[in-house]
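Chemist: The structure's right below; bear with me while I get my questions together.
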Amino acid sequence: MSAATATIGSVLSLRRIPLAALAVASLVLVTTALVFVFYVAPNDANQGFSQRIFYFHVSIAFTAYACFVFGAWKAFRHLWKRDPRADLESYVCVHQGTIFGAMVLLTGSIWAKISWGHWWVWSEDELVLFLILYLFYCAYFMLRFSLDPGPQRANLSAVYALFGVVLIPVSFAAIRLAKEFLHPRVFTLSGPRFGGWILVTYCIAQAAMLVLAYTLYRIEITGKRLDLRLRELRDVMA
Amino acid sequence: MTTSEKYVTAAYVVVFAIVLVYVLLIALKVGRLDREVEELERRVEQAEETEEREPTAVG
């Protein structure tokens, strides 16, 4: 078995983790992250206490990107393999990404108010591009719910989710080529521009957000599948 | 509490408020699904009772 196959296999086996264990892991990780953010991580030399927003703001942003990428992967599986579960999974991933995206915008806006004195700066391309990405995925739901359930809705939603993932590298990487900016760049091609307890705290916060997102994803998809099965059962009994 | 501390607290409160609202919405949905399952169970029981009471030809 190749290393790639083994990695894919281990990712797929996440489905076997009980939901209760995931919920406990989320709680423990989020609590640990909060302890590290407020009691272990040192104050930033330039921004002081306000830099502590970074730990959740950035990890939530990467989690949102991960949700959109995973949603696109599921959309691709729907179009390629005609996997019957993939459409619903793609939808739930995009839904999670949008929720985490809203958190990115809100926490970023609060951080901007402390650092720059404004809630929003339209001249800052990274902010505007993330907003475009967010609105693009909001429009995904308008498209999805404007169509009747069925193959057409699943196919169009999948194509839309695949187009959306193209915006992620644009939002994340292209702006790093800009010469003038306000938004801090902590991840560069030569690695993160921080270390020590800041890096440890960030890694814990990132793990906490990823596990939290996956837990919420599992809860939502379980509910949606149950809802679908109930509808089918009701139709049979009618 | 300094202004900086207030804003940081607000940012974390926003995150937890959103997660809390999401979990509450899911909990409401699970409650609805639970009621629907109960209703379906009741209908199944009624259907079974009706089948038992149906008259059958004797002799």
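The values are calculated or read from the model by the stated rules, or taken from the named source; none is laboratory data. Worth saying up front: this structure is predicted, and the values here are computed from it rather than measured. Neighbour counts are summed over all protein chains in view; Cβ atoms, including those assigned to glycine, are modelled from backbone coordinates with ideal geometry.
Chemist: If the requirement is being under 24 Å from A:S50 (Cα atoms), out of contact with any Gly (no Cβ under 9 Å at 6 or more places or on another chain) and facing chain A (nearest Cβ under 9 Å), which of these qualifies: B:V37, B:V19, B:V23?
Modeler: B:V19
Chemist: So B:L24 fits all but one of (1) more than 22 Å from A:G97 (Cα to Cα); (2) surrounded by fewer than 11 Cβ atoms within 10 Å (Cβ to Cβ); what number is the exception?
Modeler: (1) is the only condition that B:L24 fails.
Chemist: Could you tell me which numbered condition A:K113 fails, if it satisfies all but one of (1) assigned to a helix (DSSP H, G or I); (2) over 15 Å from the mean Cα position of the chain (by Cα); (3) away from chain B (no Cβ under 14 Å)?
Modeler: Result: A:K113 fails condition (3) only.
Chemist: Are there any pairs with C-beta distances below 9 angstrom linking a residue in the range A:215-238 that is facing chain B (nearest Cβ under 7 Å) to a residue that is among the polar types (S, T, N, Q), with the two at least 6 apart or on different chains, and if so which?
Modeler: A:L216/A:S26; A:L216/A:Q96; A:E220/A:Q96
Chemist: Would you check which residues across the range A:137-149 are surrounded by fewer than 18 Cβ atoms within 10 Å (Cβ to Cβ), in a helix (DSSP H, G or I) and of a type outside the set (G, A, S) and list them?
Modeler: Within the range A:137-149, A:C138, A:F141, A:M142, A:L143, A:F145 qualify.
Chemist: Quickly run through the range A:47-81 and pick out the residues that are under 24 Å from A:F36 (Cβ atoms) and more than 14 Å from every other protein chain (Cβ to nearest Cβ).
Modeler: Selection gives A:F62, A:Y65, A:A66.
Chemist: Being in contact (Cβ under 8 Å) with a residue 60 or more places away in the chain and either within 17 Å of B:F16 (Cβ to Cβ) or not aliphatic (A, V, I, L, M) (or both) is the filter here; which residues of the range A:75-91 pass it?
Modeler: A:F76, A:H78, A:D87, A:E89, A:S90, A:Y91 - these are the residues of the range A:75-91 that are in contact (Cβ under 8 Å) with a residue 60 or more places away in the chain and either within 17 Å of B:F16 (Cβ to Cβ) or not aliphatic (A, V, I, L, M) (or both).
Chemist: I need a count of the residues in the range B:7-21 that are surrounded by 12 or more Cβ atoms within 10 Å (Cβ to Cβ) and either among the charged types (D, E, K, R) or within 25 Å of the chain's Cα centre (by Cα) (or both).
Modeler: Total satisfying the criteria: 6.
Chemist: Okay, moving on. Scan the range B:4-11 and give yes if some residue there is at the interface with another protein chain (Cβ under 9 Å from one of its Cβ atoms), within 26 Å of A:I221 (Cβ to Cβ) and at pLDDT 85 or above, otherwise no.
Modeler: Scanning the range B:4-11 turns up no residue that is at the interface with another protein chain (Cβ under 9 Å from one of its Cβ atoms), within 26 Å of A:I221 (Cβ to Cβ) and at pLDDT 85 or above.
Chemist: Just checking, which of A:A25, A:A33 is part of a helix (DSSP H, G or I), away from chain B (no Cβ under 13 Å) and in contact (Cβ under 8 Å) with a residue 60 or more places away in the chain?
Modeler: Working: A:A33 fails: away from chain B (no Cβ under 13 Å).
Checking each option against the conditions leaves just A:A25.
Chemist: So which residues in the range A:127-155 are free of Cβ contacts under 8 Å to residues at least 24 places away in the same chain and out of contact with any Lys or Arg (no Cβ under 8 Å at 6 or more places or on another chain), if there are any at all?
Modeler: A:V128, A:L135, A:A139, A:M142, A:L143, A:F145, A:S146, A:D148, A:P149, A:G150, A:P151, A:Q152 - these are the residues of the range A:127-155 that are free of Cβ contacts under 8 Å to residues at least 24 places away in the same chain and out of contact with any Lys or Arg (no Cβ under 8 Å at 6 or more places or on another chain).
Chemist: Report whether or not B:E49 is more than 26 Å from the chain's Cα centre (by Cα), without any contact (Cβ under 8 Å) to a residue 40 or more places away in the chain and more than 30 Å from A:Q51 (Cβ to Cβ). Before you say what the answer is, go through the steps one by one.
Modeler: Values: more than 26 Å from the chain's Cα centre (by Cα): yes; without any contact (Cβ under 8 Å) to a residue 40 or more places away in the chain: yes; more than 30 Å from A:Q51 (Cβ to Cβ): yes.
It is true that B:E49 is more than 26 Å from the chain's Cα centre (by Cα), without any contact (Cβ under 8 Å) to a residue 40 or more places away in the chain and more than 30 Å from A:Q51 (Cβ to Cβ).
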